[in-house]
Amino acid sequence: MAGNRAASPRTGAPLGSQRDQLVVLGSLVALAIAAVIVLVGLYLTVYRPPREHVLTAGDTRYNAGEVYRRALYAMLYQQSVAPKGQTEIVTKTLELIEREATLRVRGKQFVAEVTAEDVTKELQQLLAPPTPPAPSVSGGTAATVTVGTPIADGGTPTATPSVNLDAYAKALQQRLERSKLTKAELEAIIAAGLYEDRLTAKFKAELPKTAPQVLLVTARIQDQATAERVRSIALRPGVDFGPVAAQNSVSDARGARAGTTNWVIVDQLEPAVRDVVKNLKAGDVSAVTQNGTYYEVHKVLEVSASRDLSDELKDQMAIQQVLQWLTAEGKSLGLERDLTTEKERWITDHVVSAYTKASATPRAK
């Protein structure tokens, strides 16, 4: 009878055993809930953020992970176009992606299409520049030196630089690992650059031989009082303003220094300068004008209604035409951003972290 009192009236199982089973079951449920919480946390913090949509360019969608990798590559290998500070990492990178997408999609309508072979050659040139062929000596005492492969009929030999494929493969792998780009992403960057080069060459070739120009000297100064004194010197008869401007000028944020004397095309000047210079005649000195954080004084030394364009001016004009082309074609392509504060923070944090780590290791090619 005593044994019957210790058993469950329904199952006959000991009460202590039932309690143990409930404890185990409760523990399993708690573990399952914890696992679900961990999985949800991983989804929200690890899996989903890099896959969040950030940009659409034409038919192509870009997620946060792609923006992060593009920003990191620019900061590691493309300082000329890289963001200059944390606050502009995302916006500058989106502008870069939009630019490259426009070049790849619309560029082939204006210049020869970039092929996979073109991209490979450019990558090889970048990562493992081909070695020029070694000259071969023949002919005994009347030796002749031949560079490249001799032609049987005595024609001009062909020089075929050789690519060290092992070195190229190693350098390519190092760059992909360091930047975290996929090979397809790197190839897309290279293709966009080739389209930009071809468009620049096209616009440059179409430029006229001559154009109206002015010989301009600009003094760029940090404070207005000094700028006024420099202007008063420029107004003195017989003063050579070039050395005065050079001595008192500072470099702008891009590192460009004023004080040099250059032939320029007025329409190619930045708007703040163009609006001042366009009304000046030879010998005129402008009033002190504010341009951003600087104060400037401009003097026109000569005016030419038709002067041969220098190669440097042609480059500047061609680049300006490319920028105008990008603006127009970007609108045609259709660019749409989907950026939130959370997405921007995720991209910025990961770029800064990855760049810090990569910068602490020896730089690969």
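A few notes on this one:
- Computed from backbone phi, the HN-Hα couplings of the range 230-239 come to 5, 5, 5, 5, 4, 7, 6, x, x, 7 Hz, rounded to whole numbers (Karplus: 6.51 cos²θ - 1.76 cosθ + 1.60, θ = phi - 60°; Gly and Pro given as x).
- In terms of its C-alpha gyration tensor, the range 268-339 has an oblate overall shape, because the principal axis ratio a/c (a ≥ b ≥ c, square roots of the eigenvalues) is not below 1.5 and a/b does not outweigh b/c.
- Across the range 312-318, coupling constants 3J(HN,Hα) worked out from phi with the 6.51/-1.76/1.60 Karplus curve, θ = phi - 60°, read 5, 5, 4, 4, 4, 5, 5 Hz, and Gly and Pro carry x.
- Spatially proximal lysines relative to LYS92 (Cα-Cα < 16 Å; intrachain offsets below 8 disregarded): LYS84, LYS343
- Under 12 Å, Cβ to Cβ, from GLY193 - net charge with Lys/Arg +1 and Asp/Glu -1: -3
- In order through the range 164-169: 3J(HN,Hα) via Karplus (6.51 cos²θ - 1.76 cosθ + 1.60), integer Hz, x for Gly, Pro: 7, 5, 5, 5, 5, 4
- Reachable lysines from LYS170, criterion Cα separation under 21 angstrom, eight or more residues apart if same chain: LYS121, LYS180, LYS183, LYS357, LYS365
- Separation in nanometres of the label points that stand 7 Å from Cα toward Cβ, at GLU206 and SER27: 7.7 nm
- For the range 198-288, the Kirkwood estimate of hydrodynamic radius, built from reciprocal distances between every pair of different alpha carbons, is 14.7 Å.
- Environment charge of ASP118, counting only residues whose C-beta is closer than 14 Å and scoring Lys/Arg +1, Asp/Glu -1: -2
Each reported figure results from applying straightforward, stated rules to the coordinates on display, with no laboratory input. Bear in mind the structure is a predicted one, so any value in this text is a computation, not a measurement. Backbone-built Cβ (ideal geometry, glycine too); neighbour counts: all protein chains shown.
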